[in-house]
1. Exactly one condition in (1) over 17 Å from Ala329 (Cα atoms); (2) β-branched (Val, Ile, Thr); (3) at pLDDT 85 or above is not met by Ile27; state its number.
2. Tell me which residues, restricted to region 99-115, are outside any loop (DSSP other than H, G, I, E, B) and in contact (Cβ under 8 Å) with a residue 24 or more places away in the chain.
3. Just checking, does region 195-204 include any residue being crowded, with 22+ Cβ neighbours inside 10 Å and at pLDDT 90 or above?
4. Out of the residues in region 100-112 that are buried (at least 19 other Cβ atoms within 10 Å of the Cβ) and modelled with pLDDT under 85, state the one that is nearest to Val364 (Cα to Cα).
5. Tyr174 is checked against (1) within 29 Å of Ile44 (Cβ to Cβ); (2) modelled with pLDDT under 85 and fails just one. What number does that condition carry?
6. Among (1) part of a helix (DSSP H, G or I); (2) more than 25 Å from Ile46 (Cβ to Cβ); (3) at pLDDT below 90; (4) not charged (D, E, K, R), where does Gln229 come up short?
7. With respect to Ala59, is the statement that it is under 15 Å from Ala329 (Cα atoms), modelled with pLDDT under 85 and touching a Ser or Thr at 6+ places or on another chain (Cβ under 7 Å) true?
Amino acid sequence: FFFHAHAGIRDPLWSRGLGDVYKRQGIILAFILYSFSEGLNNIIGIELLGYEKSPISTAMIAIILGLILGNIFNIREGFLIGLDFTQKNILKLGIICLGIQLKPFEFIKFGSIAIPLIIVCIISVLIVIKLLIQKLKISRGMSYLIAIGSTVCGTTAIIATAPVINAKKSEVAYAVANMTLFGILAMLIYPYFANIYFDGDPLFVGLFLGTAIHETSQVAAAGLIYDQQFNSPETLNIATVTKLIRNTFLVIMIPLFAYLYNRGQNNDQKYSIVKIFPYFVLGFIAFIILRNIGDVFFYNTNVAGKEMWVDFVNTIKISSKIFLTMAMAAIGLSTNLKDLNKMGYKPFIVGFVSLLTVGFVSLVAINYLSGIILN
């Protein structure tokens, strides 16, 4: 039902209503994989290993199972529409719901620490990529796309930047594959590395995950894996805040890249800040405000409904984890590892060095920051 032996199926009825049907079915497929991953996690962690709460991350199981199934079988083309919707829009809904866990002053506190760290990482990666492309001789368009994908928000930044620098389709495809490959590696490895390196400090681990991993979805996955593995929702909150602030740098970086790429040419490329701004950040902030207004109202007054408010908050928290894990399952199912072989070694080297650079700079900057905080 979900898989087909052949890819590339087209149906003329698609444009007459089947698109919405398949979108829903793709979302259902992601939810089924989430449910199966949750059940498998409980069987392994609770029934077999005997823990009260499974020490294994459901999000990681969903990603790995998605990768396995998505590369063993060819998923029906229609379902890919729903999976794409899940990893973009259901993911954003999950991040918005995460706002219910935060207080306004925490957002300001984490943000004030994250902004200088983000700026240092962006500048460092841009310098390294500039030096690297002179040696490897890859195209300017490719280098710009990899640079903005590595520094800001992965695929979203690449797709938003491509039109303003007249990037070729092949360059966009290679850059996206680059972000996918190294982002998946980072989100699976970095939570465990960061826990050891930062000795489980939620602030520093969250800052590292939010600055060293490319995609919003990958940061959310890494934060969720860390939360589920080490019982640290604060780390997930900090990583999310850091990444959302990093996403807003699109508003600065795309006009800057457009100017640098087109200077000296007669190209009058136009771009819209309205279109590139990540509006789901506002939804995230709105839920922070809602949580705190609700807490003040129900905890500081004698009005009825306190238990209903607590149940509402808990429901939103649980929903955010479900939405995020569904998005992780969709990412795994949609990632074709065979396509990554077509990248070529030069973009691969640039992407790998970019990943190492942003990770190393983030570690150094956070170490410096920890010295200031501890002193």
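1. The number of the failed condition is (1).
2. Gly99, Ile100, Gln101, Pro104, Glu106, Phe107, Phe110, Gly111, Ile113, Ala114, Ile115
3. From region 195-204, those crowded, with 22+ Cβ neighbours inside 10 Å are 204; that's our starting set.
The next check asks that each one be at pLDDT 90 or above; those that pass are 204.
Within region 195-204, one or more residues are crowded, with 22+ Cβ neighbours inside 10 Å and at pLDDT 90 or above.
4. Ranking the qualifying residues of region 100-112, first place goes to Phe110.
5. (1)
6. (2)
7. In short, yes.
Residues are listed down the side, and each one gets a yes or a no for (1) farther than 21 Å from Val219 by Cα; (2) free of Cβ contacts under 8 Å to residues at least 24 places away in the same chain:
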position	(1), (2)
Ser124	no, no
Ile133	yes, no
Ile138	yes, no
Ile148	no, no
Gly154	no, no
Ser170	yes, yes
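The values are calculated or read from the model by the stated rules, or taken from the named source; none is laboratory data. Quick caveat: nothing in here was measured; it's all calculated off a predicted structure. Here the Cβ is made from the backbone with ideal geometry for all residues, glycine too, and neighbour counts use every protein chain on show. Protein only, heavy atoms only, side chains kept; ligands, DNA and RNA dropped before computing areas. Shrake-Rupley method; radii C 1.70, N 1.55, O 1.52, S 1.80 Å.
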